[in-house]
1. Restricting to region A:184-211, name every residue that is more than 14 Å from chain B (Cβ to nearest Cβ) and farther than 24 Å from residue B:20 by Cβ.
2. Does region A:67-90 contain any residue that is crowded, with 20+ Cβ neighbours inside 10 Å and within 14 Å of chain B (Cβ to nearest Cβ)?
3. From the residues in region A:104-136 that are under 16 Å from residue A:69 (Cβ atoms) and crowded, with 24+ Cβ neighbours inside 10 Å, which one is nearest to the other protein chains (Cβ to nearest Cβ)?
4. Could you look through region A:142-154, keep only residues that are within 12 Å of chain B (Cβ to nearest Cβ) and surrounded by 24 or more Cβ atoms within 10 Å (Cβ to Cβ), and pick out the one that is modelled with the lowest pLDDT?
5. Give me the helices (runs of 4 or more DSSP H) completely within region B:63-144, filtered to those with at least 2 residues that are away from chain A (no Cβ under 14 Å), ordered by residue number.
6. Report yes if residue B:60 is without any contact (Cβ under 8 Å) to a residue 60 or more places away in the chain, part of a helix (DSSP H, G or I), surrounded by fewer than 20 Cβ atoms within 10 Å (Cβ to Cβ) and away from chain A (no Cβ under 14 Å), otherwise no.
7. State which residue is modelled with the lowest pLDDT when the search covers only region B:17-28 and only residues that are within 7 Å of chain A (Cβ to nearest Cβ) and assigned to a loop (DSSP other than H, G, I, E, B).
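The values are calculated or read from the model by the stated rules, or taken from the named source; none is laboratory data. Remember, it's a predicted structure, so these values are computed and weren't measured experimentally. Cβ placement follows ideal geometry from the backbone for every residue including glycine, while neighbour counts extend to all protein chains displayed.
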């Protein structure tokens, strides 16, 4: 059975998209069939695939609103993706009357479960319908948390939502773990927040993955629309990313 | 004296993640409306209306094709307030077509509308809800009705003026149940051209046309009066001339 993993934190710029792309890349390197789904209205993931979001004739919007079969696109890094564009931002109003709206993404992904080992969903940074759709469709959530107060606040807001989705919409949803991101070991604030993450989540037996540092090469790689390992395979963060991907492979 | 610089080291916070992994104490709802699991919906002991089996089967059939259009209404303790037939239809569907049911209601969650009271404490409110729910459903626009009809036709429902043959499923009776409107209203919805209001040819209201309209109305009234009663030969004579007169009148109006 394939794993559907949503990368979610409702705070913005927690490195969700960066992680989605990099983890997809490393999973694909391990010969897994991987599909990335862009559910963010900013369509960052789609833009990183080297194509302008407006060039796609069908996007995730058509899939969710008109219930059309999803068109899959491939990229240079051996994983496929379903694109988004800014039209997605109108979805909430359009679907407001539909009773099954929270389940649309889950239904749309059903045909792909056999084909793909991993479906990675890049969630939007809010608690709206799109996020709920992601969590209803997912088997696991992975939470990137920036090692700052903003990241911690995001995690605090995330927890009741997670609980609520489990109670009301998706009993089987699991918390696969948290990934501390943008960590700068020279700053005491970051150290303190990393400690908070470890203390809080380890106690609840939720895996805390190796912290991903704040490196300029992430931005350089982004600039060239490449995963970090494709930009600089010897970069120190590549190992951490590989480790996280390995943990996902071992996920039950 | 200069203020002393704070040197106390801050302690790492504990987010109490444990609290959120199992029990749910929060009353919040997430975006996108509420759902509950089918088993969690409880029937009320004093459930009022008896269920009609044919109605349940018809509803089950329509839910299979169109989904649940109207959410089921429950109180804060998940006791059924309105939608007994829908609930029975869902249970029937789950039993007879489990795969389709799972497709339609993943994870067994049913769309509901929760009324903010406890039916045991305020039983009179329950009756109000039930009545309101059965009297006043959501209104469908002609476009929506047409769209539903299209989906039903695709699923094998036939639209013919005759009695359906055995095994055949008739469109209009199904729509009657789904949207809760009379046969006549449904036919009207389906016959409007662009789904909008009925097209009315523009008429310029001059005093002359107004008078003509009034005469026409009165004559039609007269015709009805004559037709029912035993009428005198004179009246009969007049009655015979009415259609021709109306025709001439129509021609002038145009």
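1. Going through region A:184-211, the residues more than 14 Å from chain B (Cβ to nearest Cβ) turn out to be A:184-186, A:209-211.
Of everything in region A:184-211, those that are more than 14 Å from chain B (Cβ to nearest Cβ) and farther than 24 Å from residue B:20 by Cβ turn out to be A:184, A:185, A:186.
2. no
3. In the first step, residues of region A:104-136 are kept if they are under 16 Å from residue A:69 (Cβ atoms); the result is A:104-116, A:119.
Pick out the ones that are also crowded, with 24+ Cβ neighbours inside 10 Å and you get A:105, A:119.
Numbers: A:105: 10, A:119: 15 Å.
Once the filter is applied, the top-ranked residue is A:105.
4. Going residue by residue through region A:142-154, those that are within 12 Å of chain B (Cβ to nearest Cβ) are A:143, A:145, A:147, A:149, A:151-154.
Imposing the further condition that a residue be surrounded by 24 or more Cβ atoms within 10 Å (Cβ to Cβ) reduces the set to A:143, A:145, A:147, A:151.
Working: A:143: 96, A:145: 96, A:147: 96, A:151: 93.
Looking at the filtered set, the residue picked out is A:151.
5. Values: elements: B:84-96, B:98-104, B:123-135.
It comes to B:84-96, B:123-135.
6. Numbers: without any contact (Cβ under 8 Å) to a residue 60 or more places away in the chain: yes; part of a helix (DSSP H, G or I): yes; surrounded by fewer than 20 Cβ atoms within 10 Å (Cβ to Cβ): no; away from chain A (no Cβ under 14 Å): yes.
No; evaluated as a whole, the condition is false for this residue.
7. Residues of region B:17-28 that are within 7 Å of chain A (Cβ to nearest Cβ), as a first pass: B:17-18, B:20-21, B:24, B:26, B:28.
Okay, now just the ones that are also assigned to a loop (DSSP other than H, G, I, E, B), so B:17, B:24, B:26, B:28.
Working: B:17: 85, B:24: 54, B:26: 47, B:28: 54.
Per the stated criteria, the residue is B:26.
The rows are residues; the columns are (1) surrounded by fewer than 19 Cβ atoms within 10 Å (Cβ to Cβ); (2) within 29 Å of residue A:48 (Cβ to Cβ); (3) touching a residue at least 60 places away in the same chain (Cβ under 8 Å).
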residue: A:160; (1), (2), (3): yes, no, no
residue: A:175; (1), (2), (3): no, yes, no
residue: A:182; (1), (2), (3): no, yes, yes
residue: A:187; (1), (2), (3): yes, yes, no
residue: A:196; (1), (2), (3): no, no, no
residue: A:208; (1), (2), (3): yes, yes, no
residue: A:220; (1), (2), (3): yes, yes, no
